[in-house]
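**Q** This is the structure, below, for whatever I ask next.
Bear in mind that the values in this text are calculations on the coordinates, not laboratory data. In this text, all values refer to a predicted model and were calculated from it rather than measured experimentally. When we count neighbours, we look across all protein chains shown, and the Cβ atoms used for this are built from the backbone with ideal geometry, even at glycine.
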Number of protein chains: 2
Amino acid sequence: MDTAPSHRLPTLDEVAERAGVSRSVASRAINNEINVSPAKRDAVQRAVEELGYVPNRSARALATNRVGAVVLAVSTSHPGAFADAFFAQIIYGISSALERTDFTLTLVLAGSPEGSAKLKRIVRSRRADGIMLMNLHGGDPLAKLAEQTAMPVVFGGRPLGGEPRWYVDVDNRGGARLATEHLVDGGYRRIATITGPLSLDVAEARYCGFRDAMAVAGLSPDRVEHADFTEAGGAAAMTRLLRAHPDLDAVFAASDNMAAGALGVLRAHGRAVPDDVGVVGFDDLRIAQLTYPQLTTIHQPVQALGEEMTRMLLAIVDGARPTPLLLPTRLVVRGRVISTWCT
Amino acid sequence: MDTAPSHRLPTLDEVAERAGVSRSVASRAINNEINVSPAKRDAVQRAVEELGYVPNRSARALATNRVGAVVLAVSTSHPGAFADAFFAQIIYGISSALERTDFTLTLVLAGSPEGSAKLKRIVRSRRADGIMLMNLHGGDPLAKLAEQTAMPVVFGGRPLGGEPRWYVDVDNRGGARLATEHLVDGGYRRIATITGPLSLDVAEARYCGFRDAMAVAGLSPDRVEHADFTEAGGAAAMTRLLRAHPDLDAVFAASDNMAAGALGVLRAHGRAVPDDVGVVGFDDLRIAQLTYPQLTTIHQPVQALGEEMTRMLLAIVDGARPTPLLLPTRLVVRGRVISTWCT
DNA sequence: CTGAAAGCGCTAACAG
DNA sequence: CTGTTAGCGCTTTCAG
């Protein structure tokens, strides 16, 4: 039915004229303000439908100084890091939190200098109402940007050194404690850990959780090697651990990738998993189900992280002053299940 | 009481005043137009620096009817599908193509009804200058939207049924031919294929490529099963193939996931790969390196796909009328390499 | 409740 | 080359 003139989009004035009211009344009706008589409100409603009117956002933004967009800035230095299912899930979470609102998601890969310059421009030119910052490593230049701007910023994960005013984080410490407790419950006693780079808050927090659990169990937490969250790094760390502590009977790896690397090395050394050595990972990535044996690990609510960050940011934009949030993790026990193709 | 920035952002008038010129001269200087004297141009330049002026994009957008944003709309019905490294790479490509421009990327997950409604609103309210549409399945409602709007639309991959005016695609047909030829060259003769759902153009194209190669080799292309691109689907299809064509000596699976599923089934049936049965996949996903043996497969330039789509869209927004693009694929031969943990 | 009028900050058309 | 004058389409006082 719509003989929509494909080029000229209807304006508010046209709606007002058609409804036989003034432009300001039309505006009020459209924005659901109270001071409009039912009759005129209906007339406007109808005119909107008939004309297929949608307010021009640029004009509205100019008048209200509210853009209707939030940006997700991902600070990742090397290309590969973003190409990870993790971000897809974050984005999915954000997207579903935005679904019922009139906000739009702007994505900025701010790892490169150009990217962070772009983010800066976005802020200065008021192209967004707020920012979500993911994946900051210690001393990230974006952290400064965040402090200098008046635009609301919500952090995904705490950056090391300094609690930002607003953040949503996964309970990494609690998760690591859970993982380690699981090993303790399994009867293991000489438990080692492979940590991530301690310049990252995640790595730090997981290491703390490990020590928490070890202390509670009265075990010595000194079988420790540091790595970089990668599979290769995990393998190297496992090799070092075996050399330094040949008596170890379990390993908590602070990421599934590192755990996978460790599994390979353990097997190469003839240590059976989980009979000789227990292994627990962290993240519950796809890889945790591709190893043999499948990895017991800590699941993080990644999608929820995206959703909650968004909800928090919108609340702030709306004038609220919420408190930071910690999202619970959960243990996923996998054991000797045989994966489809690694029979 | 309100969250307004502590210090007002500088406006063009302030720059003009500081530089001692009229607002229009300031505007021209800032936009690098020609008709400005060097002296005034410098003065404006300096004022901009000193004040840290960045044009307000909403105002500019309102005046020029150009927003400075492109949207990537991903049409995916079920949650999991977006959580894939594929999109991360696409986004990475887009992002790098956008890096040197003043355009911003808006991401819309348009699989759900709400999502596609949102996309529609974005178009109608002129919140973007152009759209990139990924992952359309036959009869996708977004295809209609694309036709109705005057906003430029670039497709990532051709939707089935009808060549859109502008698209960038991967040479799926050529890739499938490559894969099949590789099997032929390997001495296999009774080659089967597991296709994707033929309602997708990708699946159709890869199936065509298979038949191309079989025809050229003078082989019969009738060992065929259809699946859904998933691992489970691939496994089921492989089972059906073995029952229907127990003599088969090779399989071209139209995706790595399906190939992985097929590998498991082949092994369960005691068929050694690649000695008894040759297997080639498509996509070159991470999983191709996690199977045993690692998968020979067809690599797609995913990041380049994102880049070229963006470049094309920006060109169109700029008034150009480019021709569609096909990106080449390449064969990755893997064979018996032993992966780290599946010793 | 209603409408007229004054901007939001920028660009663009037009005379000087 | 330069400045003046109108808007872009919407919101928002402020009188009626």
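**Q** Shape call for region A:197-257 from the C-alpha gyration tensor, a ≥ b ≥ c root eigenvalues: rounded (a/c under 1.5), prolate (a/b greater than b/c) or oblate?
**A** oblate
**Q** While we're here: What percent does the relative contact order of region B:187-343 come to when contacts are Cα pairs within less than 8 Å and at least six residues apart?
**A** 19 percent
**Q** Roughly how many debye, to the nearest 20, is the charge dipole of the protein assembly as shown about its Cα centre, given +1 on each Lys and Arg Cβ, -1 on each Asp and Glu Cβ, and no other charges?
**A** Here the size comes out at about 1220 debye.
**Q** Per residue of B:101-111, how many C-beta atoms from partner chains lie within 10 Å of its own C-beta, taken as a mean?
**A** So the per-residue partner count for this stretch is 5.
**Q** Would you list, by chain and number, the lysines whose Cα falls below 22 Å from the Cα of A:K40, excluding same-chain residues fewer than 8 positions away?
**A** none
**Q** Using the basic label-point model (7 angstrom from Cα toward the beta carbon), what is the A:A315 to B:C208 distance in nanometres?
**A** So the two model labels end up 5.3 nm from each other.
**Q** What FRET efficiency comes out for A:V332 versus B:R46 if R0 is 41 angstrom and r is the Cβ-Cβ distance? Round to the nearest 0.05.
**A** 0.10
**Q** Can you work out the FRET efficiency for the pair B:I34 and B:D102, with r the C-beta to C-beta distance and R0 = 22 Å, to the nearest 0.05?
**A** Step by step, r from the Cβ atoms, then E = 0.65.
**Q** Under the rule of -39500 (n - 2.57) per DSSP H run of 4 or more residues, summed and divided by the residues of chain A, what mean residue ellipticity at 222 nm is obtained, to the nearest 500 deg cm²/dmol?
**A** -13500 deg cm²/dmol
**Q** For a test of the definition: using alpha carbon positions, the gyration tensor, and the 1.5 limit on a/c, classify the protein assembly as shown as rounded, prolate or oblate.
**A** oblate
**Q** Run the dipole for region A:244-343 about the Cα centre, Lys and Arg Cβ at +1, Asp and Glu Cβ at -1, nothing else charged, and hand back the magnitude in debye, nearest 20.
**A** 160 debye
**Q** Applying 1/(1 + (r/R0)^6) with R0 = 60 Å to the Cβ-Cβ distance of A:R165 and B:Q289, what FRET efficiency is obtained, to the nearest 0.05?
**A** 0.90
**Q** Considering the dipole of region B:124-253 built from charges on the beta carbon (Lys and Arg +1, Asp and Glu -1) around the Cα centre, which of B:G187, B:H137, B:G174 is farthest to its positive end?
**A** The residue sitting farthest along the positive end of the dipole is B:H137.
**Q** So what's the gap between the Cα centers of region A:111-158 and region A:9-48, to the nearest angstrom?
**A** Region A:111-158 and region A:9-48 have Cα centres spaced 39 Å from each other.
**Q** Measuring label to label, 7 Å along Cα→Cβ, what does A:E49 give against each other copy in nm, shortest first?
**A** So the distances to the same position in the other copies read 6.0 nm.
**Q** How large is the dipole of region B:172-300 about the Cα centre if only Lys and Arg carry +1 and Asp and Glu carry -1, each at its Cβ, rounded to the nearest 20 debye?
**A** 200 debye
**Q** Let me ask another. Which distances, shortest first and in nm, link B:H245 to the matching position in the other copies, using label points set 7 Å out along Cα to C-beta?
**A** 5.4
**Q** Using a 7 Å offset from Cα along the direction of the beta-carbon, what are the separations from B:P322 to the same position in each other copy, nm, ascending?
**A** For B:P322, the inter-copy label distances come out at 3.9 nm.
**Q** On full extension of the chain, what length is gained from A:E17 through A:D222, given 0.36 nm per residue of separation minus the C-alpha to C-alpha distance?
**A** Fully extending the segment from A:E17 to A:D222 adds 66.0 nm.
**Q** In addition: Counting only other chains, and only Cβ atoms inside 10 Å, what mean value do you get across the residues of A:53-65?
**A** 6
**Q** Also: HN-Hα J couplings of region A:125-131 from phi, Karplus 6.51/-1.76/1.60, θ = phi - 60°, integer Hz, Gly and Pro as x?
**A** Result, ordered by residue: 9, 6, 8, 8, 9, x, 10 Hz.
**Q** Going Cα to Cα from B:K120, which lysines come in below 16 Å? Please leave out same-chain ones fewer than 8 positions away.
**A** B:K144
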